[in-house]
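Everything on this sheet refers to the single structure shown next.
The values are calculated or read from the model by the stated rules, or taken from the named source; none is laboratory data. Owing to the predicted nature of the structure, the values given are computational and were not obtained by experimental measurement. Cβ: placed from backbone, ideal geometry, glycine included. Neighbour counts: every protein chain shown. Keep in mind that these areas ignore ligands, DNA and RNA; they rest on the heavy atoms of the full protein, side chains included. Shrake-Rupley method; radii C 1.70, N 1.55, O 1.52, S 1.80 Å.
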Amino acid sequence: MGGMLVFGYGNPGRGDDALGPAFVERLARENPDAADNAEYLSDMQLQVEHVTDLCGRQLLLFVDADAACQPPFQLSRIHAERDTSYTSHAMTPQALLYAFCQVYGRKAPPALLLRIRGYGFDLGESLDARADTNLREALALASRLGVADAQRWQQSACGHDDAIIAGRGSAEDG
Amino acid sequence: MTQQQKPDSSTPRRVTIDPVSRVEGHGRISLLLDANNHVHEARFHIVEFRGFEKFIQGRPYREVPFVVQRLCGICPVSHQLAAAKAVDQLVGVEVLTPTAFKLRRLLHFGQVLQSHSLHFFHLASPDLLFGFGSDVAQRNIAGLLESSPELAMKGVRLRKYGQQIIEAITGKRIHGVATVPGGMNKALTMAQRDTLLAGVKDVIGWCQEAVALNEQIHRAHAENHDFGAIQSNFLSLTGDGGELELYHGGLRARAASGDIILDGFDYRGYGELLREEVRPWSYMKFPFLLSLGQKSGWYRVGPLSRVNNCDMIPTPLAEEQRRRFRDYGQGGLVHDTLAYHWARMIEALHCAESIERLLADTDITGSELVVPEGQRRREGIGVIEAPRGTLFHHYRIDDEGLIEKANLIVSTTSNNQAMNESLRAVADRYLDGQTLTEGLLNHLEVAIRAYDPCLSCATHALGRMPLQVELVDTAGQIVDRLTKGGKA
């Protein structure tokens, strides 16, 4: 392991909840050469065993759908946080980082959370057109920063803990 | 059977708790009180639980095993396998090759093992170890990692092992493609087999420890015995010899007394056996055994049902534990709702032993994976014991091979009435006047968690899962409100 981990999560069967896995799928498809420096993972939700996937990474990029963030996306640096948001079958990335610290007794790798704005989350729905536009904006960001360039991603996050990069346009506006 | 209290003639008040945390999806509990503040009815609303059948309609039958995986993030494999069994019937296949049959079983054991491990180690054990009234901030996986890191890590490793099996067979962590009509599409390599085999002894040992811990906790805490306890019928698959069977068998139902109601029932005739009642306040139906009627025919499914229902478990270590479990019941069935956890870990042990047995079987790395399709049929019914209980998939196709009609009965639906009964029992005991407390909330959650309901694989998108508790009177006035962590 090593390099960057791009971890998209969400349920592909529930409309825009698919944004995280869709980001990873398209990124991997469009950038096959980046595989040497980045690993792509997708799952329905984060769970505690995913701490084992975080070991030895230079940078973690979590990608999720967000029902409320400013469109098209927001990128934030995140830290380990103990919170009460544990649900039966899903953890927040912050809680996962916290679990990492507990399990391994050391700080988790630096981590970013890319939240892509979604609108519809009904069972069986495909991506909303606005969500798809937001997804493309997020992929464009990845291209600008360099898909597997952990250093550039980190530099972009330097000194900011919240909404360090917001998308330039709103799908709702367009 | 629990006797439902007759409502007081005076106007009931309603206590609403919405949604339930640490349970998949969104849930809301309404507690209907009589004038004396006794809970005469509990209504567990599952607001996301709808649309499955519509979701599937119009799709080619060959796609169905893959499409239905998307119903659930926790047991996608169970949906895939139940659908695959139904699709086998649609293409006229009765018997798979030994390799395909064993690969499907191995896949299923891996799925049940990882799901049961998640449930006990990460969801239930904080309640059981720290106590239902302990600090909420402590009563979760982070608290468990702090206080019992070794135990918590065993849970992590068990989950991981189960998922390694799934990944080896399906090729992916999620939405892997494994089943095809009449078999499987990929062989297990010797290298994969050897890797999995190398870790299985540890897995068996961890499961043994988990069973022992559950037994110890359950026996030591007398207050756990009647917590949310109800008397119910039990339904599950069993094998031809009455043994525990998770992948394929006949339906067996027992009455609360232990008497067998039906046995060896071909699940393809489930329509003659079960009816689903619709109630106006719930999206989720209420199945019941037709022969016993709507009032008395509700039943429980899942680990407690299966371990009670079977005559033996066909792996030695788990069978030894089943006997201890039944000894605890002193000759009768075990009805303690919290004994679900104990039964769940006995099943996890059975899965681990079965995995070892299958990996040692030379058929498992065989290359004969598919049998030729036969005469196409219009209907297929697949039933499997998913981690949370019996799972029915029923499909009818048209001349073009498109799904014309689908009916799914998931285990959470089967446990619907039972969960309401357990909630009523807990609420009536712990609700004090009109005050909602974190303690009460968690007691209710503990009762629900015993069933481990999968509330339809809800989205988890950020910002969509707040926890709110409200006390509402019949006039719609909020008498009290509680959010996770304190009063709003």
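So how many residues does region B:126-142 have that are of a type in the set (Gly, Ala, Ser) and within 12 Å of another protein chain (Cβ to nearest Cβ)?
The first filter runs over region B:126-142 and keeps only residues of a type in the set (Gly, Ala, Ser), leaving B:131, B:133-134, B:137, B:142.
Adding the requirement that they be within 12 Å of another protein chain (Cβ to nearest Cβ) leaves B:137, B:142.
Residues that pass the stated criteria total 2.
For the condition over 25 Å from the mean Cα position of the chain (by Cα) and open to solvent by less than 10 Å² (accessible area, probe 1.4 Å), what is the one hit in B:GLY162, B:GLY92, B:GLY183? So that I can check it myself, show each step before the final result.
Details: B:GLY162 fails: over 25 Å from the mean Cα position of the chain (by Cα); B:GLY92 fails: open to solvent by less than 10 Å² (accessible area, probe 1.4 Å).
Being over 25 Å from the mean Cα position of the chain (by Cα) and open to solvent by less than 10 Å² (accessible area, probe 1.4 Å) holds for just one of B:GLY162, B:GLY92, B:GLY183, which is B:GLY183.
Just checking, which of B:GLY110, B:GLY58 is open to solvent by 20 Å² or more (accessible area, probe 1.4 Å), of a type in the set (Gly, Ala, Ser) and farther than 18 Å from B:VAL371 by Cα?
Details: B:GLY110 fails: open to solvent by 20 Å² or more (accessible area, probe 1.4 Å).
The match here is B:GLY58.
So A:ARG117 fits all but one of (1) of a type outside the set (Asp, Glu); (2) over 14 Å from the mean Cα position of the chain (by Cα); (3) within 14 Å of chain B (Cβ to nearest Cβ); what number is the exception?
Going through the list (1) of a type outside the set (Asp, Glu); (2) over 14 Å from the mean Cα position of the chain (by Cα); (3) within 14 Å of chain B (Cβ to nearest Cβ), A:ARG117 breaks only (2).
I'd like the full set of residues that are in a helix (DSSP H, G or I) and either facing another protein chain (nearest Cβ under 9 Å) or open to solvent by 10 Å² or more (accessible area, probe 1.4 Å) (or both), limited to region A:99-114. First the steps, then the outcome.
Kept after step one, since they are in a helix (DSSP H, G or I), are these residues of region A:99-114: A:99-104.
Selection gives A:ALA99, A:CYS101, A:GLN102, A:VAL103, A:TYR104.
Tell me which residues, restricted to region B:137-169, are assigned to a loop (DSSP other than H, G, I, E, B) and charged (D, E, K, R). Please lay out each step first, then the result.
Taking region B:137-169 and keeping what is assigned to a loop (DSSP other than H, G, I, E, B), we get B:137-140, B:148.
Residue satisfying the conditions is B:ARG139 alone.
Could you please let me know if A:VAL63 is more than 14 Å from the chain's Cα centre (by Cα) and within 26 Å of B:GLN163 (Cβ to Cβ)? Quick ask: steps written out before the conclusion?
Values: more than 14 Å from the chain's Cα centre (by Cα): no; within 26 Å of B:GLN163 (Cβ to Cβ): yes.
In short, no.
Being small (Gly, Ala, Ser), modelled with pLDDT of 95 or more, assigned to a loop (DSSP other than H, G, I, E, B) and touching a Ser or Thr at 6+ places or on another chain (Cβ under 6 Å) is the requirement here; does B:ALA187 meet it? Step through it out loud before you land on a result.
Values: small (Gly, Ala, Ser): yes; modelled with pLDDT of 95 or more: yes; assigned to a loop (DSSP other than H, G, I, E, B): yes; touching a Ser or Thr at 6+ places or on another chain (Cβ under 6 Å): yes.
Considered against the rule, which asks whether it is small (Gly, Ala, Ser), modelled with pLDDT of 95 or more, assigned to a loop (DSSP other than H, G, I, E, B) and touching a Ser or Thr at 6+ places or on another chain (Cβ under 6 Å), B:ALA187 comes out as yes.
Could you figure out which of (1) crowded, with 18+ Cβ neighbours inside 10 Å; (2) within 14 Å of chain A (Cβ to nearest Cβ); (3) among the basic types (Lys, Arg) isn't true of B:ARG193?
(2)
Any idea which residue in region B:288-342 is farthest from B:LEU274 (Cα to Cα), counting only those that are among the aliphatic types (A, V, I, L, M) and surrounded by fewer than 24 Cβ atoms within 10 Å (Cβ to Cβ)? Steps first, please.
So in region B:288-342, the residues among the aliphatic types (A, V, I, L, M) come out as B:289-290, B:292, B:301, B:304, B:307, B:312-313, B:317-318, B:333-334, B:338-339.
Narrowing further to those that are surrounded by fewer than 24 Cβ atoms within 10 Å (Cβ to Cβ): B:289-290, B:292, B:312, B:317, B:333-334.
Working: B:LEU289: 5, B:LEU290: 5, B:LEU292: 10, B:MET312: 26, B:LEU317: 34, B:LEU333: 22, B:VAL334: 24 Å.
Taking the candidates together, the pick is B:LEU317.
Scanning region A:1-37 for residues that are of a type outside the set (Asp, Glu), out of contact with any helix residue (DSSP H, G or I) (no Cβ under 9 Å at 6 or more places or on another chain) and under 12 Å from A:VAL147 (Cα atoms), which turns out nearest to the other protein chains (Cβ to nearest Cβ)? Step through it out loud before you land on a result.
Keep residues of region A:1-37 that are of a type outside the set (Asp, Glu), which gives A:1-15, A:18-24, A:26-29, A:31-32, A:34-35, A:37.
This time we only want the ones that are out of contact with any helix residue (DSSP H, G or I) (no Cβ under 9 Å at 6 or more places or on another chain), so: A:2, A:20-21, A:24, A:29, A:32.
Next, only the ones that are under 12 Å from A:VAL147 (Cα atoms) stay: A:24, A:29, A:32.
Working: A:VAL24: 11, A:ARG29: 15, A:PRO32: 17 Å.
Result: A:VAL24.
Consider B:GLN231 carefully, then state whether it is open to solvent by 50 Å² or more (accessible area, probe 1.4 Å) and either assigned to a loop (DSSP other than H, G, I, E, B) or touching a helix residue (DSSP H, G or I) at 6+ places or on another chain (Cβ under 7 Å) (or both). Quick ask: steps written out before the conclusion?
Values: open to solvent by 50 Å² or more (accessible area, probe 1.4 Å): yes; either assigned to a loop (DSSP other than H, G, I, E, B) or touching a helix residue (DSSP H, G or I) at 6+ places or on another chain (Cβ under 7 Å) (or both): yes.
Spelling it out, B:GLN231 is indeed open to solvent by 50 Å² or more (accessible area, probe 1.4 Å) and either assigned to a loop (DSSP other than H, G, I, E, B) or touching a helix residue (DSSP H, G or I) at 6+ places or on another chain (Cβ under 7 Å) (or both).
Please identify the pairs in which a residue from region A:123-137 that is closer than 24 Å to B:GLN69 by Cα and among the aliphatic types (A, V, I, L, M) has its Cβ atom under 9 Å from the Cβ atom of a residue that is open to solvent by 40 Å² or more (accessible area, probe 1.4 Å) and in a helix (DSSP H, G or I), counting only partners at least 6 apart or on another chain.
These pairs meet every condition: A:LEU123/B:LYS54; A:LEU123/B:ARG70; A:LEU135/A:ARG26.
Is it true that some residue in region B:413-431 is in a strand (DSSP E or B), open to solvent by 10 Å² or more (accessible area, probe 1.4 Å) and modelled with pLDDT under 80? Give the steps one after another, and end with the answer.
So in region B:413-431, the residues in a strand (DSSP E or B) come out as none.
No, that holds for no residue.
Inspect all residues belonging to region B:373-395 and state whether any of them is buried (at least 16 other Cβ atoms within 10 Å of the Cβ) and farther than 20 Å from B:LEU251 by Cα. Reasoning before the result, please.
Going residue by residue through region B:373-395, those that are buried (at least 16 other Cβ atoms within 10 Å of the Cβ) are B:380-395.
Retained after the next criterion (residues that are farther than 20 Å from B:LEU251 by Cα): none.
Within region B:373-395, none of the residues are buried (at least 16 other Cβ atoms within 10 Å of the Cβ) and farther than 20 Å from B:LEU251 by Cα.
Which of the residues spanning region B:148-183 are in contact with a strand residue (DSSP E or B) (Cβ under 8 Å, 6 or more places away or on another chain) and within 10 Å of chain A (Cβ to nearest Cβ)?
B:ARG173, B:ILE174
Looking only at residues in region A:38-85 that are small (Gly, Ala, Ser) and more than 12 Å from chain B (Cβ to nearest Cβ), which one is nearest to B:PHE121 (Cα to Cα)? Break it down stepwise before answering.
So in region A:38-85, the residues small (Gly, Ala, Ser) come out as A:38, A:42, A:56, A:65, A:67-68, A:76, A:80, A:85.
From what's left, more than 12 Å from chain B (Cβ to nearest Cβ): A:38, A:56.
Details: A:ALA38: 31, A:GLY56: 26 Å.
The residue in question is A:GLY56.
Within region B:166-201, count every residue that is without any contact (Cβ under 8 Å) to a residue 60 or more places away in the chain and in contact with a Leu (Cβ under 9 Å, 6 or more places away or on another chain).
We begin by selecting, within region B:166-201, every residue without any contact (Cβ under 8 Å) to a residue 60 or more places away in the chain; these are B:167-168, B:171-173, B:176, B:191-192, B:194-195, B:198-199.
Narrowing the set further to residues that are in contact with a Leu (Cβ under 9 Å, 6 or more places away or on another chain) leaves B:168, B:173, B:194.
Total meeting the criteria: 3.
Rundown of residues vs (1) assigned to a helix (DSSP H, G or I); (2) in contact with a strand residue (DSSP E or B) (Cβ under 7 Å, 6 or more places away or on another chain); (3) open to solvent by less than 10 Å² (accessible area, probe 1.4 Å); (4) modelled with pLDDT under 85, yes/no style:
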{"residue": "A:ALA35", "(1), (2), (3), (4)": "yes, no, no, yes"}
{"residue": "A:SER42", "(1), (2), (3), (4)": "no, yes, no, no"}
{"residue": "A:THR52", "(1), (2), (3), (4)": "yes, no, no, no"}
{"residue": "A:PHE62", "(1), (2), (3), (4)": "no, yes, yes, no"}
{"residue": "A:GLN70", "(1), (2), (3), (4)": "no, yes, no, no"}
{"residue": "A:ARG82", "(1), (2), (3), (4)": "no, no, no, yes"}
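Being within 18 Å of the chain's Cα centre (by Cα) and modelled with pLDDT of 70 or more narrows it down to one of A:ALA129, A:ALA95, A:ALA157, so name that one.
Working: A:ALA129 fails: within 18 Å of the chain's Cα centre (by Cα); A:ALA157 fails: modelled with pLDDT of 70 or more.
Only one candidate passes the filter, namely A:ALA95.
Being part of a loop (DSSP other than H, G, I, E, B) and within 12 Å of B:GLN57 (Cα to Cα) is the filter here, so list the residues in region B:393-411 that pass it. Show your work before the answer.
Initial filter on region B:393-411 (part of a loop (DSSP other than H, G, I, E, B)): B:398-401, B:410.
Scanning region B:393-411 gives B:ASP398, B:GLY401.
Working only within region B:362-372, note down all residues that are crowded, with 16+ Cβ neighbours inside 10 Å and assigned to a loop (DSSP other than H, G, I, E, B).
Of the residues in region B:362-372, the ones crowded, with 16+ Cβ neighbours inside 10 Å are B:364-366, B:369-371.
Scanning region B:362-372 gives B:GLY366, B:LEU369, B:VAL371.
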